[in-house]
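Scroll down for the structure; my scribbles are underneath it.
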Amino acid sequence: AGAAAGAFCLADGVLKQFIDATSTESAAARGWKLVETTQLQELSDATAAAGETQGAGTDDAMDSHFIAFVQREGLLWELDGRVVDPDGAAFPTCHGPTSDETFLLDAARVIRDDFMARDADNVNFNVTALCKLD
């Protein structure tokens with residue numbers, strides 16, 4: 001479950017089931033199981049389709065996937081399972097220094113300067129912050 005295990009209390013659902021089922025696995029094994037599972041994408045598509053999101057649950061949403069930003073030892077890391085080496089193993093991308101105080105701004109800068117700048121007219125993304133309440 002890792003260092004963040006006590007930071008969040010998840011209700012029963014797909015994410016909790018995945019975490020519980022893979023809690024004894026290595027990080028690499030959990031990563032491969034995450035690549036193989038379709039439940040999170042199906043849940044995302046179903047949730048988006050219930051609202052006003054165009055293309056949700058269709059081939060229009062094919063390029064949609066999850067990316068996480070984390071802080072580790074003072075560095076901002078992007079975790080994107082679609083960034084892989086020639087052997088197909090995913091690896092993180094370092095975006096430089098960050099801190100508790102600047103993490104949100106640093107991640108937002110990467111989103112703006114890297115992701116949004118690639119296709120400024122594309123508004124098909126969303127950002128969710130999982131954070132500890134003070």
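The values are calculated or read from the model by the stated rules, or taken from the named source; none is laboratory data. Predicted model, so just to flag it, every value in this text is computed and none were measured. Ideal geometry is used to build each Cβ from the backbone, glycine not excepted, and the neighbour counts take in all protein chains shown. Heavy atoms of the whole protein, side chains included, go into the accessibility calculation; ligands, DNA and RNA do not. Shrake-Rupley method; radii C 1.70, N 1.55, O 1.52, S 1.80 Å.
Choose one of Asn124, Ser99, Gly88: the residue whose Cα lies farthest towards the positive end of the charge dipole of the range 80-134 (beta-carbon charges +1 Lys, Arg; -1 Asp, Glu; about the Cα centre).
Result: Asn124.
Find the centroid of the Cα atoms in the range 5-45 and in the range 69-134, then give the distance between the two in whole Å.
For the range 5-45 versus the range 69-134, the Cα centre distance is 19 Å.
Averaged per residue, what accessible area in Å² does the range 94-134 show with a 1.4 Å probe, protein chains only?
88
Provide the net charge surrounding Gln39, with neighbours chosen by a C-beta distance below 12 Å and charges set as Lys +1, Arg +1, Asp -1, Glu -1. If you can, show how the numbers build up before the last one.
Details: positive: Lys16, Lys33; negative: Glu36, Glu42, Asp45.
Local net charge: -1.
Give the carbon-plus-sulfur fraction of the accessible surface of the range 85-134 in %, rounded to a whole number; probe 1.4 Å, heavy atoms of protein chains only.
56
Answer rounded, prolate or oblate for the range 64-134, using the Cα gyration tensor with square roots of eigenvalues a ≥ b ≥ c: rounded when a/c is under 1.5, else prolate when a/b is larger than b/c, else oblate.
Oblate, since a/c reaches 1.5 and b/c is not below a/b.
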